[in-house]
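Everything below concerns the one structure shown next.
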Amino acid sequence: MESVINKELIFSHFARKSSPLQRELITQWLQHQANEEQYYIWLEEWENTNPQYLAQSEPAIHQFSLFLDENPHDEGSTTAEKPVLTLPNRWNKSIWLVAASLLFVLGLSAFLFRNQIQYTTYETSFGETRSVELEDGSMVVLNANSTIRVPRWGFGSRTRELMMTGEARFSVTHTRDNQQFVVKTTNDFDVVVLGTEFTVFARNRGARVALTKGKVEVHYQENKASKLVTLKPGDLITLDSQNRMALKTISQPEDQAAWREKRFVFDETSLQEVAYMLEENYGLRVVIKDSVLAKRVLMGSFQAQNVDQLLQSISELLDINVVRQGMYVQLTDK
């Protein structure tokens, strides 16, 4: 169902163009809290580009003119003898209908935008990284095309729980009362910590958590069963799209966040994995028509200040052709 529900379908639903079957699928999809939050993010984006309220000024002016005609003002009346104006019943009903409509709109707006009111959102665009200091002193560095949502009130006192999509590096401060810090994701897994440094990757194709120092617990769902694994420094846990888990130890866990320094580290990384990274971090559409080429691996580390430098380095490392036209990239053997 995750592959069926996408931004295009939701936008069509907002425009009242979805079919009964699609509406039923969306209803089922919204049973998950993370999907509900994504729904409201898309709703805000859609409403910003599709304003739904247009003031009916001409009918209102016409109706007011009729009212003035039916209730002429008496120029000869003195201030002491001002007539009491009684509105016709149909006018009173109109006022009550307008008031009721306004209350309904206000209530609906409060419901639809409750997440925007309750949370502060930090996000990055393609090719951008961003550092954020949270109210409890913890630091978060967001990789490209990533988002965190933090409660506006009570973070660091009542709760230290936030929602993340994309990729981010966390440096969490320890509190006197040992309050947990929780990173929730849309991939049906959470990272629970006290004070530590770690990197979280959570995108559609899978997820991973690498621990640099401290201690974290990864809570995840697999086949509707709740599972937990505790990581020690140097551990790297990966979860595929079905939340099947794999755990291994790596010698340089900090390399998982090398992107903070615009550094790219490849350790037997397939060209297909690199293509996924280019799509996720830079919004490129990468095509590798040769399946053998897609399986070739990259080894090494290098700096790249922008995506063109990165593509050039990939071309030189594998001795392949890299052709870019706008947001379209094709990789072929020479």
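The values are calculated or read from the model by the stated rules, or taken from the named source; none is laboratory data. Please read these numbers as outputs of a predicted model, since none were measured by experiment. FYI the Cβ positions are ideal-geometry reconstructions off the backbone, even for glycines, and counts take in every protein chain you see. For the accessible areas, the whole protein counts, side chains as well, though only heavy atoms, and no ligand, DNA or RNA atoms are used. Shrake-Rupley method; radii C 1.70, N 1.55, O 1.52, S 1.80 Å.
Count of the stretch 31-58 residues, restricted to those that are at pLDDT 75 or above and among the polar types (S, T, N, Q), is 3.
Within the stretch 270-291, the only residue that satisfies the criterion of being in contact (Cβ under 8 Å) with a residue 24 or more places away in the chain, open to solvent by 50 Å² or more (accessible area, probe 1.4 Å) and assigned to a helix (DSSP H, G or I) is TYR276.
Only one of the listed residues (ASP267, ASP308) is among the acidic types (Asp, Glu), in contact (Cβ under 8 Å) with a residue 24 or more places away in the chain and open to solvent by 40 Å² or more (accessible area, probe 1.4 Å). That residue is ASP267. Any residue that is touching a His at 6+ places or on another chain (Cβ under 6 Å), among the hydrophobic types (A, V, I, L, M, F, W, C) and over 21 Å from ASN143 (Cβ atoms) - is there at least one of those in the stretch 210-233? Yes; the residues of the stretch 210-233 include at least one that is touching a His at 6+ places or on another chain (Cβ under 6 Å), among the hydrophobic types (A, V, I, L, M, F, W, C) and over 21 Å from ASN143 (Cβ atoms). Can ASN187 be described as in contact with a helix residue (DSSP H, G or I) (Cβ under 9 Å, 6 or more places away or on another chain) and either open to solvent by 20 Å² or more (accessible area, probe 1.4 Å) or at pLDDT below 95 (or both)? Judged against the criteria, ASN187 is a match. You will find that of LEU271, LEU298, LEU284, LEU331, the residue that is over 26 Å from THR199 (Cβ atoms) and in contact with a helix residue (DSSP H, G or I) (Cβ under 7 Å, 6 or more places away or on another chain) is LEU331 and no other. Given the condition among the β-branched types (Val, Ile, Thr), assigned to a loop (DSSP other than H, G, I, E, B), in contact (Cβ under 8 Å) with a residue 12 or more places away in the chain and surrounded by fewer than 17 Cβ atoms within 10 Å (Cβ to Cβ), answer yes or no: does some residue in the stretch 245-258 qualify? Yes - at least one qualifying residue is present in the stretch 245-258. Among the conditions (1) open to solvent by 50 Å² or more (accessible area, probe 1.4 Å); (2) in a helix (DSSP H, G or I), ILE314 misses just one, which is (1).
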